[in-house]
1. Hey, any hits in the range B:83-106 for a residue that's closer than 19 Å to residue B:159 by Cβ, surrounded by fewer than 24 Cβ atoms within 10 Å (Cβ to Cβ), facing chain A (nearest Cβ under 7 Å) and in contact (Cβ under 8 Å) with a residue 24 or more places away in the chain?
2. Among the residues in the range A:163-181, are any buried (at least 24 other Cβ atoms within 10 Å of the Cβ), more than 13 Å from the chain's Cα centre (by Cα) and part of a strand (DSSP E or B)?
3. How many of the residues making up the range A:137-162 are in a helix (DSSP H, G or I) and over 19 Å from residue B:34 (Cα atoms)?
4. Answer yes or no: is there a residue in the range A:71-85 that is over 17 Å from the mean Cα position of the chain (by Cα), under 17 Å from residue A:261 (Cα atoms) and modelled with pLDDT of 95 or more.
5. Of the residues in the range A:116-136, how many are facing chain B (nearest Cβ under 7 Å) and not in a loop (DSSP other than H, G, I, E, B)?
6. For the range A:56-65, indicate whether the set of residues that are out of contact with any strand residue (DSSP E or B) (no Cβ under 9 Å at 6 or more places or on another chain) and buried (at least 20 other Cβ atoms within 10 Å of the Cβ) is non-empty.
7. Does residue B:262 count as touching a residue at least 40 places away in the same chain (Cβ under 8 Å), in the same structural domain as residue B:200 (by TED's automatic domain parsing) and either assigned to a loop (DSSP other than H, G, I, E, B) or surrounded by 21 or more Cβ atoms within 10 Å (Cβ to Cβ) (or both)?
8. If you take the residues of the range B:109-126 that are touching a residue at least 40 places away in the same chain (Cβ under 8 Å) and surrounded by fewer than 19 Cβ atoms within 10 Å (Cβ to Cβ), which of them is farthest from the other protein chains (Cβ to nearest Cβ)?
């Protein structure tokens, strides 16, 4: 397996990356006037770990590298975060972020395969990411390529039947190089998940489908990395990391307020406040 | 009278068997082709591939959403997936997945929608694909193929595999007689003028090409020379051949084993209305579901026979004359 040299970052540097990503998401969504700010914020540390703390093997300047590890953003509404991460990882210029949701721009409201380098799947209708990931795993077996597949799903997304179709199939095919990460921020568009359509007992559900499970504080980058590395060693079954997160993490008045689900911060005073909180974090 | 008898065509085996054999040939030739099944391999005949290439065959089970997306993921590793099931199950269970993972993603994936039309017969309306082409029509970039005979099915499976991009191919349970020689030329997007004539044109796809040839043979006895066009590709549509037929024959009948609403005929009418308005008539399924029954019986009952084409042809020919 080709060894990819990536810079290693200290905990402080990783936190700075997470802070930069939140600022980029804030700026891009405010400029666009819409976009899923709070769903992006809850996954920032997860993607920081994946892309910048030695989990994913990728080449920003060679997005089609066939041995690359795959990252599939199944919760496609977190597109602002995905774009910010891919820009930081060297797939394209950060300037593209300021064209989010503009007509004629490749930076679409939800990720579209082929529009931006590094985007592995068209997502936005929920529930499809793990199935796509299984396809990559099975394709990798036939083409004899060694790579891993990471899929980020949302908690509300687990209400979709296809999630459980794919959970069954991943266990059937023993896709031990597929790791799902569940951003368990406890809210969906219309309210708390537990009130709208309860998921619990969630860990038991995944276990009963034949998955190895682990739980982590989804805002502790080093813990996420450590746990993901332990999941890489699990053989003969797929793994899921259930990451307990805070929806809107990083901006106090957005945190845990589900009415921010699909909104951007448009009020200049609120923007200043959000910027201040992110930069001081 | 049997389909194709009047036109003097040789009978053959069911199209699904031809599809299975053709797919096996393609899998033998191209190591990148993989086949995904929604637990219907003995109905769609992909089992022929599974028997010989188990390592490149995947039964995803009765879960079409998962089936389509796993196929899409495999395309993401450079393989060419053939995603197969009944058209009704693929389109009705996995339309969203076909839309995002295949169409919007513009993937190099091939989809077999088998059991198109009403001629699967006895299994009834839940299994019939009477709206399949209209639904696939909702994917702007997906090529739509409806072969009409064994040779064109073989050629279509090969052409679909060689084409880079998403392709939908309709297969059927019934047998269609041999229209073309084995070495026939099949080009995606290029309709075939199967029979020449200058009094009117019958445009068909699938089994209705043969029904059109039967109708043309009957019309000939009355001195009416019908052109028969096999519009095997619904998208991209061969506008040139259709417009030329309208200019040269001045009257058109379309014939399809599909709902008239959103099917081939309505798409041909769109072209005719814009480029060369001439009288048209339509043979197809009116706004109704079709019950279980013998295929022949159903075709008769729902007016999808050579006779129905013939009477519409006489009607449109008279309309053309009255215009003059």
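1. Within the range B:83-106, one or more residues are closer than 19 Å to residue B:159 by Cβ, surrounded by fewer than 24 Cβ atoms within 10 Å (Cβ to Cβ), facing chain A (nearest Cβ under 7 Å) and in contact (Cβ under 8 Å) with a residue 24 or more places away in the chain.
2. yes
3. Of all residues in the range A:137-162, those in a helix (DSSP H, G or I) come to A:137-142, A:156-159, A:161-162.
Now drop any that are not over 19 Å from residue B:34 (Cα atoms), which leaves A:156-159, A:161-162.
Number satisfying all stated conditions: 6.
4. No - not one qualifying residue is present in the range A:71-85.
5. So the count comes out to 6.
6. Within the range A:56-65, the first condition is being out of contact with any strand residue (DSSP E or B) (no Cβ under 9 Å at 6 or more places or on another chain), and the residues that meet it are A:57, A:59-65.
Next, only the ones that are buried (at least 20 other Cβ atoms within 10 Å of the Cβ) stay: none.
Checked the range A:56-65: no residue is out of contact with any strand residue (DSSP E or B) (no Cβ under 9 Å at 6 or more places or on another chain) and buried (at least 20 other Cβ atoms within 10 Å of the Cβ).
7. Details: touching a residue at least 40 places away in the same chain (Cβ under 8 Å): yes; in the same structural domain as residue B:200 (by TED's automatic domain parsing): yes; either assigned to a loop (DSSP other than H, G, I, E, B) or surrounded by 21 or more Cβ atoms within 10 Å (Cβ to Cβ) (or both): yes.
Yes; evaluated as a whole, the condition is true for this residue.
8. Just the residues of the range B:109-126 that are touching a residue at least 40 places away in the same chain (Cβ under 8 Å), to begin with: B:109-125.
Cutting the leftovers down to surrounded by fewer than 19 Cβ atoms within 10 Å (Cβ to Cβ) gives us B:122-125.
Values: B:122: 29, B:123: 24, B:124: 25, B:125: 24 Å.
Residue satisfying both the conditions and the ranking: B:122.
The values are calculated or read from the model by the stated rules, or taken from the named source; none is laboratory data. Note that the structure is a prediction, hence the values are computed from the model and not measured. Note that we place each Cβ from the backbone using ideal geometry, even for glycine, and neighbour counts take in every protein chain shown.
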